[in-house]
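Throughout, read-outs are computed from the coordinates displayed, never taken from laboratory work. Bear in mind that the values here come from a model prediction, so they are computed numbers and not experimental data. Cβ sites come from the backbone with ideal geometry, for glycine too, and all protein chains shown count toward neighbours.
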Amino acid sequence: MVDDMPETTSTTLSENEKSEILNSYGRHYSDTIVQYLKAGNLDLIERQRSGVKFSDACTGKDYIDAFGSAGCFNVGRSNQAIIDALEQVSSAGDMGTSQLLSRHKIEFAKKLVSHSPGDLNRVLLSGGGGEAVDSALKLAKAATSRNEVVIMKLAYHGHSGFSVSASGKANYKDPFEPLIPGFKMADFNDLSSVQALASHKTAAIILEPLMGEGGVHAATDEFLQGVRKLCDEKGIVLIFDEIQCGFARTGKLWYSQHSGVVPDIMILAKSMSGGLFPNAAIVYRDIELLTQYVDKNPGFHSSCGGGSDIGCYVSGKVIDFLVENNVAGNARVQGDVIKQGLMQLASENPNLIKEVRGVGMMLAIEYRYRFLGGVMAKTLADNGVFAAYSGNAPQVMRFMLAPTITRQEAEEFLVRVRKAVDALIFLSKFMIPFSKLPFVGRLLDNEAAMARIGSKLRRD
Amino acid sequence: MQQNKFQDVSTEESLFLEAESVFSKGLVDSIRARGHDFIEQGGDDSFLFDSQGNRYIDCLTSASTYNLGRNNEAIIDELQQASRQTDQGLFVTTSEEKVALAKSLSAFVPGPLNCMLMQVVRGEPFDGACKLARGYSGRSEIISLKGSWYGQTGFAVSLTERDDREDFGSSVPETRVVDKDNLMSSINKNTAAVIVEPVQVESHCRLLGPGYLRELREVCDKHGALLIFDETQTGFGRTGSRFAFEAVGVNPDILILGEAITNGVFPMAGIMYTEALKTFFEGSVGLHISTFGGHDVGCRVACKAIAEYERVKPWDNASIMGDKLLEGLKAIVKDNPQIFESVQGIGLLTSLKLKTEKLALDFCVSAKEAGIIVMPALLDKKCVLFRPALTITDSEVDMVLRASMEAVKSL
């Protein structure tokens, strides 16, 4: 599927056209983003998008997409089966009416439920991750008539009102306070810290079973089992945010299946769209607590544009594709290949790389120095890998390649990463001693300052 | 539009049962209660189809989304072409598509609102607007008006007076919902923003009026508060101008756009704001992100829809047909004072108020039998909203009025 590049929209961009795009982007959206991208040599314009790769419209250079919009392309980019599905359904009609029932909505919900663990048998559709998180928290609070929510340090759930309040890092919240009160922060993988915060006032415990922006940390089975038991004892709704780790990325269709722990609500978005058409959902257990509230209050949440006829048909084909092609199995096999390769690199460079983590196609390298995240993004880009460091942990480089990756592509990826690490070794010889000077260290760890300096160096 | 006429009643009934089990019985019951006991199967222009091959005039348009009519061919063609040539893209990067949308949208939207942040569905941009106002101003209080409906996300729920608001626990602190008469006096030096819908659609399409909005602008300026207009339902021509604020001549600092931006072909919504406000987002990256928000396929679709809006200029027709619809409904109200209280609206955003909530639901049921799809307002449930495609023809408005008269007879 990687060889068939889609048709191109236009010829290669000139440098002038590209800088016009960057300038316009800066003018209408954000100049700061442009500066950051320039600093990391990530100021490219995506053109051909296919499988695990895309090409830069300006240079024609191909990049392995190790960012994947944080897990949106689990069927691979420009997947023909998904494009065909979109074409088919949109030839027969539009998005439909969000206030009415349709065959596509019902059939997708049934399919989703049939592939969901345990008694996760009911669906509420929405438009994106943040909205889905808001719907889950509203349901948990309303059904339990409780207000408090236990969240995890460094957790990331989105930017809408409830989801940003559930964020485990202050920088997403500080400029917008006061946000919704009652969110209590526990330590991830520390059951006693969760126990200390959970009470009869707790509506929900929400967590990413494989934490993404927080730096790719997997919940232990014991932690998930302990949290499940705690929720059962205290009548708390357990919510798993599988927005990044779901849809076959980690070797199972849902990450929770590794532990066998079934949450009360599972939140899905990103890859549900097939990388083509936004859609999101929560799947919740058919238990009296939740079902009864929704039955009595069907209007407690609705989405205009989420759960559309086109979106649901496309999302159904995403599930079909993942299941029929055993993408989860491939994610596990190729994930092991890549993880082994990264661990080899780590053992060769113990002074640079602290740890390699992750499962399947959700992997990460943690550096010994915070500032290396930004530098490594640049050396990776120079060597044809587009990757981003974790939003809530800049010393962690995340690799979220399409789980449809072939063995050959996995090897190619490792070759490129090795080159990037070699370049990093060269740079770090100069930077690490300097970074030990207090002023320089603070500057290097200041992402905003580094972006401005890097961007300026590029210009000069 | 392909119509599938092979389905029999029993499969339709089984779909309803499945919907009860996979969504909720309460949801299916509420849909049936307003007479929409059918499986929708697309639409075309002013019409919505069910799986039995019945055609209805769509006066719901997914809550003011299909301003250019259902199943718009040009925009759907663009969706298909774009999906073959591009995809969602990486949300952290720049792209040709995002820039093309920025240019066409800032040219389309009147006034100095040239900066933007795109999101997916209504509610999210509302929350984005509130956060921007707080972040930019360094103040925290956000004030809104009773009778507004903003969506389902955290800030939106906090600033909407709805029956179930308490169900969701604590609201966002320092958000206030006040009476129309008390709004001006509520604004103070701690007010980050005042947020209003120029037409309170879900509360009997109450118009705030030019005088009121001009005064609001002045009072906001006096206290250094930002003014936000939520034009989710009023935008893209529905009230007889591109945006309601254009006709009134009052520029907001932030404008909220709804899904009409793609004419219901792609989930997209967003906010537009002045260059001054953009400085806040320049302070850092990632302060407010949307994965699907700057979707490259979505940007292509929205660009095409905006070109269609420019070509068709549906606001002119909305104004003419809106007047005709309003006059026709006024006559029905006048002839049936025992059933109706009043009718009001602007452009093709019209609200018919009945004596009771039960009567409003019954009207929707009878109206469906008579061939039109309408739904009660979300806040003032005695009201039935008429918000058809803005491209509706004169004879189709006649059909809406005839169906309304028929519906009255069976009440």
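Given just the C-alpha atoms of the protein assembly as shown, how large is their convex hull per residue in cubic angstrom? Working shown, then result.
Working: hull volume 128.8 nm³, N = 871.
Hull volume normalised by residue count: 148 Å³.
Per residue of A:171-181, count partner chain C-beta atoms within 10 Å of its C-beta, then hand back the mean as an integer. Intermediate results must be reported in sequence, preceding the final value.
Numbers: counts 3, 5, 1, 2, 11, 12, 5, 6, 7, 10, 5.
Going residue by residue through A:171-181 and averaging, the value is 6.
Given +1 on the Cβ of Lys and Arg, -1 on the Cβ of Asp and Glu, and no further charges, what dipole in debye does the range B:70-144 carry about its Cα centre, rounded to the nearest 20?
Details: 8 positive and 9 negative charges, 68 e Å.
Using only the charged Cβ atoms, the result is roughly 320 debye.
In the range A:66-112, if the dipole is taken from +1 on Lys/Arg beta carbons and -1 on Asp/Glu beta carbons about the Cα centre, which of A:PHE108, A:SER78, A:VAL89 is farthest to the positive end?
Looking along the dipole axis, the top candidate is A:PHE108.
May I ask for the percentage of alpha-carbon pairs in chain A that lie more than 38 Å from each other? The partial results should precede the final answer.
On the way: 24737 of 105570 pairs.
In whole percent, the long-distance tail amounts to 23.
If you average the alpha carbon positions of the range A:325-404 and of the range A:274-320, how far apart do those two centres end up, in angstrom?
Between the Cα centre of the range A:325-404 and that of the range A:274-320, the gap is 32 Å.
For a quick check: sort A:VAL237, A:VAL359 by the number of other beta carbons within 10 angstrom, fewest at the front.
In increasing order of surrounding Cβ atoms, one gets A:VAL359, A:VAL237.
So for the protein assembly as shown: antiparallel DSSP bridges make up what percent, rounded to the nearest 5?
Details: 62 of 98 bridges.
The answer is about 65 percent antiparallel.
Based on the alpha-carbon gyration tensor of the range A:107-149 and its eigenvalue square roots a ≥ b ≥ c, which shape applies: rounded if a/c is under 1.5, prolate if not and a/b is larger than b/c, or oblate? Write down the numbers at each step before the final one.
Numbers: a/c = 2.91, a/b = 1.63, b/c = 1.78.
Oblate is the answer for the range A:107-149, as a/c is 1.5 or above yet b/c matches or exceeds a/b.
Would you please give the FRET efficiency between A:SER192 and A:MET343, computed as 1/(1 + (r/R0)^6) with r the Cβ-Cβ distance and R0 = 45 Å, to the nearest 0.05?
Values: r = 31 Å, r/R0 = 0.68.
My answer for the efficiency is 0.90.
Along Cα→Cβ, 7 Å out, is where each label goes; now give me the distance between the ones at B:ASP179 and B:HIS223 in nm to one decimal.
Those two pseudo-labels are separated by 1.7 nm.
Place the peptides B:242-250, B:228-236, A:123-131 in order of packing, highest mean first, counting for every residue the other Cβ atoms within 10 Å and averaging per peptide. Let's see the in-between values first.
On the way: B:242-250: 21.0, B:228-236: 28.6, A:123-131: 30.8.
Sorting B:242-250, B:228-236, A:123-131 by mean packing, highest first, produces A:123-131, B:228-236, B:242-250.
As a test, work out the antiparallel percent of DSSP beta bridges whose residues both lie in chain A, rounded to the nearest 5. Please report the intermediate quantities before stating the final value.
Details: 32 of 49 bridges.
Taking every DSSP beta bridge with both residues in chain A, the antiparallel ones total about 65 percent.
Just report the Cα centroid separation between the range B:77-117 and the range B:339-408, whole Å.
Cα centres, the range B:77-117 to the range B:339-408: 35 Å.
Over chain A, what is the relative contact order in percent, taking alpha-carbon pairs closer than 8 angstrom and at least six residues apart?
RCO, chain A: 21 percent.
Taking other Cβ within 10 Å of each residue's Cβ, how do A:VAL75, A:VAL261, A:VAL113 sort, fewest first? Spell out each step's value before the answer.
Details: A:VAL75 31, A:VAL261 22, A:VAL113 18.
Least to most surrounded, the residues fall as A:VAL113, A:VAL261, A:VAL75.
Taking 7 Å along the Cα-to-C-beta vector as the label spot, tell me the B:GLN338-B:LYS313 distance in nanometres, rounded to one decimal.
4.7 nm
For the range A:211-366, just the Cα set please: Rg and Dmax, both in angstrom.
According to the Cα coordinates of the range A:211-366, Rg and Dmax are 18.1, 60 Å.
Ranked by Cβ crowding within 10 angstrom, fewest neighbours first, how are A:LYS141, B:LYS330 ordered? Walk me through the numbers on the way to the answer.
Numbers: A:LYS141 24, B:LYS330 16.
The most exposed by this proxy come first: B:LYS330, A:LYS141.
How shielded is A:31-37 by partner chains, expressed as the average number of their Cβ atoms within 10 Å of its Cβ atoms? Don't jump to the answer; show the numbers that get you there.
Details: counts 4, 9, 8, 2, 2, 4, 4.
Shielding by partners across A:31-37 averages 5.
Using the C-alpha atoms of the range B:99-138, what convex hull volume per residue, in cubic angstrom, is computed? Don't jump to the answer; show the numbers that get you there.
Working: hull volume 3.4 nm³, N = 40.
Per residue, the Cα convex hull of the range B:99-138 comes to 84 Å³.
Specify the residue with the greatest mean-square fluctuation among B:LYS304, B:LYS313, B:LYS25, computed from a Gaussian network of chain B linking alpha-carbon atoms under 10 Å apart.
B:LYS25
For the range B:73-312, what is the relative contact order in percent, using Cα pairs closer than 8 Å and at least 6 residues apart in sequence?
Details: 452 pairs, mean separation 75.5, N = 240.
Taking the mean separation of contacting Cα pairs over the length of the range B:73-312, I get 31 percent.
How large is the Rg to Rh ratio of the range A:371-414 when both quantities use alpha carbon positions and Rh follows Kirkwood?
On the way: Rg = 11.3 Å, Rh = 11.2 Å.
Result: Rg/Rh = 1.01.
Got a sec? Which residues in the range A:282-324 would a label at B:ALA33 touch, if it sits 7 Å along Cα→Cβ and we count backbone N under 18 Å?
A:291-303
Counting pairs of Cα atoms in chain B, how many percent are more than 38 Å apart? It would help to have the intermediate numbers written out before the result.
On the way: 16436 of 84255 pairs.
Taking all Cα-Cα pairs of chain B, the fraction more than 38 Å apart is 20 percent.
Compute the helix-to-body angle for B:96-108: its Cα long axis versus the longest principal axis of chain B, expressed 0 to 90° and rounded to tens.
80 degrees
Tell me, what is the percent relative contact order of chain B, built from C-alpha pairs under 8 Å that lie six or more residues apart?
Values: 856 pairs, mean separation 93.2, N = 411.
Result for chain B is 23 percent.
Once label points are set 7 Å from the Cα along Cα→Cβ at both A:ARG418 and B:ASP398, what is their separation, rounded to one decimal in nm?
Using points 7 Å along Cα→Cβ, the separation is 7.9 nm.
How far, in degrees from 0 to 90, does helix A:129-144 lean away from the longest principal axis of the Cα atoms of chain A, to the nearest 10?
Its long axis makes an angle of about 30 degrees.
Can you give the average number of partner chain beta-carbon atoms within 10 Å of each beta-carbon in peptide A:152-162, as a whole number?
On the way: counts 0, 0, 0, 0, 1, 0, 6, 14, 16, 20, 10.
For peptide A:152-162, the averaged partner shielding equals 6.
Among the DSSP beta bridges whose two residues both lie in the range B:73-312, what percent are antiparallel, rounded to the nearest 5? Before the final figure, lay out the partial values.
Values: 11 of 26 bridges.
Taking every DSSP beta bridge with both residues in the range B:73-312, the antiparallel ones total about 40 percent.
Semi-axes of the equivalent ellipsoid of the range B:73-312: what are they in whole Å, largest first, if each equals the square root of 5 times a C-alpha gyration tensor eigenvalue?
Whole-Å semi-axes of the equivalent ellipsoid: 29, 19, 17.
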